[in-house]
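Here's the structure, in structure tokens; my notes come after.
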Amino acid sequence: AAGQSDFALRFLSLWASVLAVALIYRLARLLGAGEARGALTAPVGTVAALLLATNAFQLWYAQEARMYSWLLATALVSALALWQLVVRRGNGWLWGGVYAVATAWCVYLHLYGALVPLAQILFVVGWSIATRDGRGFGRWLAAAVAALLLFAPWLPRALGIFGFSGWR
């Protein structure tokens, strides 16, 4: 639809970068809503979106024909779904499915994307201990298992990198 030029090749990265700005705005508003009860959520979201939109790396990756802007966008979708699933206790099936797909997609895009669910494990365990809420942990665990099952076809190939002696 965009043609066969360099612009067309890089156009998909631009979409993901613009989506990431909108996602960070939404995530910052959700995170701010817990403390301020809505009073400061719009400015917090606006500042977060402005910081991301003017970030030099973000602008660079928005112009590259690589997966980095998609990696950021899927990581933000995963974080947004995690927050809805664990903290806000939204619709479990919907947010669990969004979390599973976004997290698996994030790891499919780049193996360093596996750092996203690893960091989320620390958050969920800490949140569950601090709030003494096992329901959120259970819902996240079901969604995390679903994400792992979605990544399972590629797991043997991903683990095969440890058998490659060239990178040591």
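If you plug the beta carbon distance of Leu159 and Thr131 into 1/(1 + (r/R0)^6) with R0 = 35 Å, you get a FRET efficiency near 0.55.
Cα-Cα pairs above 17 Å in region 45-93: how many percent? Each step should come with its number before you reach the end.
Values: 586 of 1176 pairs.
Distances greater than 17 Å cover 50 percent of the Cα pairs.
On the basis of the beta-carbon distance and an R0 of 25 Å, Ala142 and Leu115 show a calculated FRET efficiency of 0.70.
Can you classify region 85-129 as rounded, prolate or oblate using the Cα gyration tensor, where a ≥ b ≥ c are the square roots of its eigenvalues, rounded means a/c under 1.5, and otherwise it's prolate if a/b beats b/c and oblate if not? Intermediate values should be presented prior to the final figure.
Working: a/c = 4.35, a/b = 1.27, b/c = 3.42.
Oblate, since a/c reaches 1.5 and b/c is not below a/b.
Once you have a ≥ b ≥ c as the square roots of the Cα gyration tensor eigenvalues for region 39-122, tell me rounded if a/c is under 1.5, and otherwise prolate or oblate according to whether a/b is larger than b/c.
Working: a/c = 2.29, a/b = 1.14, b/c = 2.02.
Oblate, because a/c is 1.5 or more while a/b does not exceed b/c.
Computed on the chain, with alpha-carbon pairs under 8 angstrom and 6+ residues apart, the relative contact order is 20 percent. Each helix, a run of at least 4 DSSP H residues, gives -39500 (n - 2.57); summed and divided by the residues of the chain, these come to -25500 deg cm²/dmol at 222 nm. In this simple spin-label approximation, Arg88 and Ala42 carry label points 7 Å from Cα along the Cα→Cβ vector, and these lie 1.8 nm apart. At 20 °C and a viscosity of 1.002 mPa s, what translational diffusion coefficient does Stokes-Einstein give for the chain, taking Rh as the Kirkwood radius over Cα pairs? Give it in µm²/s as a whole number. The diffusion coefficient I find is 124 µm²/s.
Heavy atoms only, probe 1.4 Å: what % of the accessible area of region 12-168 goes to carbon and sulfur, would you let me know?
Values: 6880 of 9470 Å².
Percent of accessible area from carbon and sulfur atoms in region 12-168: 73.
Over the chain, accessible surface divided per residue gives 62 Å², non-protein components excluded, 1.4 Å probe. Here's the picture: charge each Lys and Arg Cβ at +1 and each Asp and Glu Cβ at -1 in the chain, and of Leu94, Gly138, Trp15 the one pushed furthest to the positive end of that dipole is Gly138. Judged by the mean number of other Cβ atoms found within 10 Å, the most tightly packed of the peptides 78-86, 48-56, 16-24 leads the ranking 78-86, 16-24, 48-56.
The values are calculated or read from the model by the stated rules, or taken from the named source; none is laboratory data. Just so it is clear, the model here is predicted, and its values are computed rather than measured. For neighbour counting, all protein chains shown are included, and Cβ atoms are generated from backbone atoms with ideal geometry for every residue, glycine included. Quick note on the areas: whole protein, heavy atoms, side chains included, nothing else; ligands and nucleic acids left out. Shrake-Rupley method; radii C 1.70, N 1.55, O 1.52, S 1.80 Å.
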